[in-house]
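FYI, it's all coordinate maths here, none of it is from the lab. Model, not experiment: these values are computed from the prediction.
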Ligand code: PMV
């Protein structure tokens with residue numbers, strides 16, 4: 001038996017704009033998915049917290065993943081990914097991830113997977129990417145396949161495509177590599193860990209869960225795509241420029257500027273129609289005390305990233321607004337082996 005873990009992520013800045021080729025800065029967060037994996041003649045998937053347990057033959061798992069991949073290709077041609085999403089809805093995502101990983105790792109056999117973790121799903125914390133990567137890493141370790149982080153990340157991206165259609169790849173990359181990363185979609189993607197540029201720990205950030213988003217990532221990305229092109233592109237460009245400037249501000253440890261840039265990015269995301277009444281209210285209160293805040297990932301609810309140099313003041317304002325501040329470390333380690 002091996003046990004592996006993979007963190008979740010937050011976008012410090014750059015979500016949505018990253019879909020259009022602008023850069024994003026993402027950070028791994030100290031909430032993790034854990035997977036215990038063992039070789040088996042079948043594919044057994046258990047999730048203690050969700051009370052979920054399923055068993056399939058290896059052929060069934062591979063066929064299921066192959067079908068998901070075909071449906072994704074058809075979806076790409078049609079510009080409609082609803083069939084693949086339906087195919088892997090809910091807990092079937094796990095089977096799709098396991099089947100895809102077995103195929104891509106070239107493993108001849110099955111696996112028993114025990115899943116656990118503390119990343120809330122659908123919150124903008126990259127729970128699906130983290131789970132896909134943890135399943136891939138668990139299988140590769142159980143079979144002793146030599147798979148560097150690039151390979152695990154490649155599998156994570158293939159699985160992300162099944163659930164999000166045309167993801168940028170930023171989520172899986174941040175979860176796989178850990179720390180703080182600069183990510184830009186392209187051919188090839190630019191993936192730059194920011195260990196040297198930002199060699200210190202990011203303090204005074206607090207996360208707040210503002211409620212489950214009413215729409216999926218796929219729907220929110222489509223919503224932005226369907227906006228008037230000129231209106232959208234102006235805001236995408238502004239977020240991209242704020243991201244470039246954010247890196248410089250982080251290098252200088254210029255947190256007054258970091259705050260302004262978070263707020264600027266949020267103003268643009270909000271104009272793209274990605275806010276909620278709860279987010280508007282809480283962000284308003286945080287700005288009143290001189291702080292900065294924004295929703296993360298697909299937005300439309302989910303996780304909010306908040307910053308104030310006086311963390312206690314920030315916590316107080318969040319609690320007074322009726323929310324619970326989450327003390328979560330940023331920049332944690334990526335894919336990790338816990339036990340062999
Ligand atoms: O909410 P999440 O964790 O699925 O993040 C989505 C981030 C987007 O930029 C909106 C989409 C993407 O593929 O990068």
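I'd like the distance separating the alpha-carbon centroids of the stretch 270-291 and the stretch 61-102, in whole Å. About 36 Å separates the Cα centre of the stretch 270-291 from the one of the stretch 61-102.
Computed from Cα atoms, the angle from the helix 58-78 axis to the main principal axis of the chain rounds to 50 degrees.
Scaled against 2.2 N^0.38 Å for its residue count N, the alpha carbon radius of gyration of the stretch 274-340 is 1.32. Does anyone have the angle between helix 311-320 and the longest principal axis of the chain? Alpha-carbon axes, 0 to 90°, nearest 10? Roughly 80 degrees between the two axes.
Scale the Cα Rg of the stretch 101-227 by the rule-of-thumb value 2.2 N^0.38 Å and send over the ratio, two decimals.
With N residues counted in the stretch 101-227, Rg over 2.2 N^0.38 Å equals 1.16.
Taking the inverse of the mean reciprocal distance over all distinct Cα pairs, the Kirkwood hydrodynamic radius of the stretch 157-233 comes to 15.2 Å. Hey, what's the Kirkwood Rh for the chain if you take every pair of different alpha carbons, in angstrom? For the chain, inverting the mean 1/r across all distinct Cα pairs yields 20.2 Å. Compare 270, 53, 130 in a GNM of the chain, Cα atoms joined below 10 Å, and give the one with the largest fluctuation. Most flexible of the set in this elastic network: 53. Note on the stretch 31-82: Cα-only Rg and Dmax are 14.9, 39 Å.
Shown here are the Rg and Dmax of the Cα trace of the stretch 244-305, at 11.7, 34 Å. Each principal axis of the Cα atoms in the stretch 205-326 has its own extent, and those three values, largest first, are 41, 35, 19 angstrom. Across the stretch 1-143 the C-alpha pair distances fall into 10 Å bins from zero in the proportions 12, 37, 36, 14, 1 percent.
For the chain, the longest principal axis of the Cα atoms and the long axis of helix 149-164 meet at an angle of about 80 degrees. Dividing the helix sum by the residues of the chain, where each DSSP H run of 4 or more adds -39500 (n - 2.57), gives a mean residue ellipticity at 222 nm of -14500 deg cm²/dmol. Per the Debye calculation on the stretch 142-200 with a single equal scatterer at every Cα and no solvent contribution, log₁₀ I(q)/I(0) for q = 0.16, 0.25, 0.26 Å⁻¹ amounts to -0.55, -1.06, -1.10.
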